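Novice: The structure follows.
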Amino acid sequence: MTLFAVLAIVMVIGSYVFVLLLAAACVYVPYLILFTPDSFAPQSLLLFLFGIVIAAAMLWSLIPRPDKFSAPGMLLDRSSQPRLFAELDSIATALNENLPGEVYLIGAPNAFVADRGGVMGLGSRRIMGLGLPLLSLLTVSQFRAVLAHEFAHYYGGDTRLGPWVYKTKTSISRVFENIGSVGELARIAILGVMYVVVASVLKAYFVAFLRAINLVSRRQEYRADELACLIAGRQNLVDGLRMIHRAATAWPAFWNGEVAPSLNNGSLVAIGDGFARFVSVPEISAAIGKNLETRLQEEETDPYNTHPPLRDRIAAVEKLVDNAAPHDARSAITLLENLGSTEVKFVEECVPDMRPGTLQYVSWDEVPTRVTIPSWQKFVTEYAEPLQGVTTDTLPDQVPRFREIGSRIRDPKGMLLSPPQRTVRAGSLFATALALALIRAGWELQVQPAIFHIRRGDQELNPFDAVEQLMNGKLSRDAWVARCRDLGISQLALLHTNSLSDKPSESGAQTELYRANSSHDSITT
């Protein structure tokens, strides 16, 4: 690893030397042409001036900038999270490393360590990010392996070298950006030639720089995995790596389909518990597993990637001697104190425009009564007029009116819907009214992550699927009427008389309506 560290240092220093020499050449070569006897020409003077401009742009790009650090998540502290910091203390002691000065709870299925702040790493401080999605899915033993891997980057000095590498990358990127900004001046043929030559040389060097630096980064990952095995056990690390990739596949669908819609209604459904339930749904678990196996079989080493392929990391780990470690099968989410209030604070701090004190924490067993049904009732009450007099048997007759009805339903804040989208919203209005009518008739609503059922005994009906089939012609009027008769819901009024009371001024129900359907589709896709 010393050789790789030396390679990284040489590439960092060499980058600045290379750019300085290239800047000097941009001035010196035109200077020689300009002041060679009997070779003066206006084009030579332009070339010399253009070289000065390019050189100045490159030199300006190399000047180090202060690291403008912005918090990646919610700051955690020892006094409020003693169990979590006890685990951090244990791993830090095992590697004789200091704790990071700041530990953040982040909304990504990942964990990281870094040195941030200061200039070129000078005056920086250690930080760590721990993903809430990971805590939801990892066991405590797996979480310890992940922590040990991250602390190993401190132990190996990776984070001390990281700011230099990062600043060098950004400096070269600024060189490209600033050179591109003066490219408009290169309209004269000889200037264009100079511009193309300089840009091509820079690109060739930057490609070589990235390949070398990322080779070093991949070796650092292998070394951190090895240390993690020594501290927390080989199998715990393998299982943790697999779970990280499973979480990365499922998290976007869970957040967008299950959590975000509830925020519109001032509620926060339990994130940790919900994500664990979400990935346990058989169809979703199978889709995630298939995605993981495909990655293990097909992923190849990318010379520009900072991490080796998961398959190669697991293969390398399995060659190591297993260090037996205590097994703790508890969920790592149990390390967080006061989980409900912690998740609320996390969302308030990390979701843009979320005002503190506006969210109510809701367990998944409470979702139907505290989130789904109230949001449906607001939606139906606000747009009750087109539902008056409509029954289950006459519902198909309203489908041709959906476009006109949809035009009277206001657009969500900040959006301008198309006519087809407004038609779909009208369909969701009638489906919502049908769902409430079924609940009033004694049917039971079950809402869980990626699960949505309305049942009575062994009978089941999804109003949203039914209305969609009526809209696209897959379900005829006669077939729908026969189905209503078989389910015992013929002539059931869609609108309850109490729905004609005062209308609320705000409704966030639309984003909730198809939550159960959309979340499953997105993860499968």
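The values are calculated or read from the model by the stated rules, or taken from the named source; none is laboratory data. As the structure is a prediction and not an experimental result, all values here were calculated from the model. As a convention, Cβ positions derive from the backbone with ideal geometry for all residues, glycine included, and neighbour counts pool all protein chains shown. Note: accessible area is taken over every heavy atom of the protein model, side chains too, but ligands, DNA and RNA are not part of it. Shrake-Rupley method; radii C 1.70, N 1.55, O 1.52, S 1.80 Å.
Novice: What distance in nm separates the two pseudo spin-label positions at Ser363 and Ile451, each 7 Å out from Cα along the beta-carbon direction?
Specialist: 1.5 nm
Novice: Right, something else. What accessible area per residue comes out for the chain, rounded to a whole number of Å², with a 1.4 Å probe?
Specialist: Working: 24770 Å² over 525 residues.
Averaged over the residues of the chain, the accessible area is 47 Å².
Novice: Per-residue HN-Hα couplings for the stretch 359-365, Karplus 6.51 cos²θ - 1.76 cosθ + 1.60 at θ = phi - 60°, whole Hz, x for Gly and Pro?
Specialist: Going residue by residue, I get 9, 10, 7, 10, 6, 5, 6 Hz, with x marking Gly and Pro.
Novice: Shifting gears a bit: What does DSSP give for the chain in terms of the percent of beta bridges that are antiparallel, rounded to the nearest 5? Before the final figure, lay out each step's value.
Specialist: Values: 19 of 27 bridges.
In the chain, DSSP labels about 70 percent of beta bridges as antiparallel.
Novice: Can you figure out the FRET efficiency of Ser407 with Asp239, using R₀ = 56 Å and their beta-carbon distance, to the nearest 0.05?
Specialist: Details: r = 53 Å, r/R0 = 0.95.
Efficiency computed from Cβ-Cβ geometry: 0.55.
Novice: Quick check: the distance between the Cα centres of the stretch 443-473 and the stretch 374-398, to the nearest angstrom?
Specialist: 16 Å
Novice: Further question: If I stretch the segment between Arg330 and Gln297 completely, what's the gain in nm (0.36 nm per residue apart, minus their alpha carbon distance), one decimal?
Specialist: Numbers: separation 33, 0.36 × 33 = 11.88 nm, distance 3.05 nm.
Taking Arg330 through Gln297 to full extension adds about 8.8 nm, to one decimal.
Novice: In addition: Assign unit charges at the C-beta atoms only (+1 for Lys and Arg, -1 for Asp and Glu), then state the dipole size of the stretch 1-95 relative to its Cα centre in Debye, rounded to the nearest 20.
Specialist: Numbers: 4 positive and 5 negative charges, 26 e Å.
Here the stretch 1-95 has a charge dipole of around 120 debye.
Novice: Here's something else I'd like to know. Can you run phi through the Karplus equation (6.51, -1.76, 1.60; θ = phi - 60°) for the stretch 461-470 and list ³J(HN,Hα) in whole Hz, with x for Gly and Pro?
Specialist: Running phi through 6.51 cos²θ - 1.76 cosθ + 1.60 with θ = phi - 60° gives 8, 9, x, 5, 5, 5, 5, 4, 5, 5 Hz.
Novice: Taking the Cβ of Ile314 as the center, what net charge do the other residues with Cβ under 14 Å away carry, scoring Lys and Arg +1 and Asp and Glu -1? Display every interim value, and only then the final one.
Specialist: Numbers: positive: Arg234, Arg242, Arg246, Arg295, Arg311, Arg313, Lys319; negative: Glu221, Asp225, Glu226, Asp239, Glu293, Glu299, Asp312, Glu318, Asp322.
For residues surrounding Ile314, the net value is -2.
Novice: Helix-derived [θ] at 222 nm for the chain: sum -39500 (n - 2.57) over DSSP H runs of at least 4, divide by residue count, nearest 500? Please list the in-between numbers first.
Specialist: On the way: 21 runs with 306 residues, N = 525.
That comes out to -19000 deg cm²/dmol.
Novice: Where Rh is the Kirkwood radius over the Cα pairs of the stretch 1-110, the temperature 25 °C and the viscosity 0.890 mPa s, what D in µm²/s does Stokes-Einstein return?
Specialist: Working: Rh = 19.4 Å.
D, rounded to a whole number, is 126 µm²/s.
Novice: Can you give the FRET efficiency for Asn305 and Asp486, using 1/(1 + (r/R0)^6), R0 = 60 Å, r = Cβ-Cβ distance, to the nearest 0.05?
Specialist: 0.60
Novice: Leaving ligands, DNA and RNA out of it, report the carbon-plus-sulfur percent of the accessible area of the chain at a 1.4 Å probe.
Specialist: Numbers: 14190 of 24770 Å².
Of the solvent-accessible surface of the chain, carbon and sulfur hold 57 percent.
Novice: Follow-up. Using alpha carbons only, how many degrees (0 to 90, rounded to 10) separate the axis of helix 234-254 from the longest principal axis of the chain?
Specialist: Computed tilt is about 60 degrees.
Novice: Against the longest alpha carbon principal axis of the chain, how many degrees, from 0 to 90 and to the nearest 10, is the axis of helix 419-440 turned?
Specialist: Roughly 50 degrees, rounded to the nearest 10.
Novice: Follow-up. Using a 10 Å cut-off on Cβ atoms, rank the peptides 274-282, 13-21, 427-435 from the highest mean neighbour count down. Each step should come with its number before you reach the end.
Specialist: Numbers: 274-282: 20.1, 13-21: 15.1, 427-435: 25.6.
Going by the mean number of other Cβ atoms within 10 Å, highest first, we get 427-435, 274-282, 13-21.
Novice: Over 19 Å apart: what share of the alpha carbon pairs of the stretch 370-460 falls there, rounded to a whole percent?
Specialist: Numbers: 1873 of 4095 pairs.
The calculated P(r) of the stretch 370-460 puts 46 percent of pairs beyond 19 Å.
Novice: Using a cut-off of under 19 Å, list every residue of the stretch 303-330 whose amide N is near the label point 7 Å from the Cα of Arg211 along the Cα-to-beta-carbon line.
Specialist: 303-309
Novice: Can you classify the stretch 199-333 as rounded, prolate or oblate using the Cα gyration tensor, where a ≥ b ≥ c are the square roots of its eigenvalues, rounded means a/c under 1.5, and otherwise it's prolate if a/b beats b/c and oblate if not? Before the final figure, lay out each step's value.
Specialist: Values: a/c = 2.26, a/b = 1.33, b/c = 1.70.
The shape class here is oblate.
Novice: What size of dipole, in debye to the nearest 20, comes out for the stretch 368-499 about its Cα centre when the only charges are +1 on Lys and Arg C-beta atoms and -1 on Asp and Glu C-beta atoms? Before the final figure, lay out each step's value.
Specialist: Values: 16 positive and 13 negative charges, 73 e Å.
So the dipole magnitude of the stretch 368-499 works out to roughly 360 debye.
Novice: Magnitude of the Cβ-charge dipole of the chain, K/R +1 and D/E -1, about the Cα centre, nearest 20 debye? Don't jump to the answer; show the numbers that get you there.
Specialist: Numbers: 48 positive and 52 negative charges, 170 e Å.
Dipole about the Cα centre, nearest 20: 820 debye.
Novice: On to the next question. Which one, Val347, Ser476, Gln398, is farthest towards the positive end of the dipole of the stretch 326-482 when Lys and Arg carry +1 and Asp and Glu -1 on their Cβ?
Specialist: Gln398
Novice: When only Cα pairs under 8 Å and 6 or more residues apart are kept, what is the percent relative contact order across the chain? List each step's numbers first, then the result.
Specialist: On the way: 725 pairs, mean separation 83.4, N = 525.
Relative contact order, the chain: 16 percent.
Novice: Residue by residue, what Karplus-based ³J(HN,Hα) values in Hz, rounded to whole numbers, does the stretch 138-154 have, using 6.51, -1.76 and 1.60 with θ = phi - 60° and x for Gly and Pro?
Specialist: 7, 7, 4, 5, 5, 5, 4, 5, 5, 4, 4, 4, 5, 5, 4, 5, 5
Novice: Still on this structure, please answer the following. Computed over the Cα atoms, what is the radius of gyration of the stretch 252-329 divided by 2.2 N^0.38 Å, N being its residue count? Please report the intermediate quantities before stating the final value.
Specialist: Values: Rg = 17.8 Å, N = 78, 2.2 N^0.38 = 11.5 Å.
Here the Cα radius of gyration is 1.54 times the empirical estimate.
Novice: Using 10 Å bins from zero, what percent of all Cα-Cα pairs in the chain falls into each bin?
Specialist: Bins of 10 Å from zero give 3, 15, 19, 18, 16, 14, 10, 4, 1, 0, 0 percent of pairs.
Novice: To continue, here is another question. In the chain, with Lys and Arg counted as +1 and Asp and Glu as -1 at Cβ, which of these residues, Val6, Ala247, Ser200, has the Cα nearest the positive end of the dipole, that is, farthest along it?
Specialist: So the residue furthest toward the plus end is Ser200.
Novice: Given H placed on each backbone N at 1.01 Å, which residues far from Ser267 in sequence or on other chains put an amide H within less than 5 Å of it?
Specialist: Gln360
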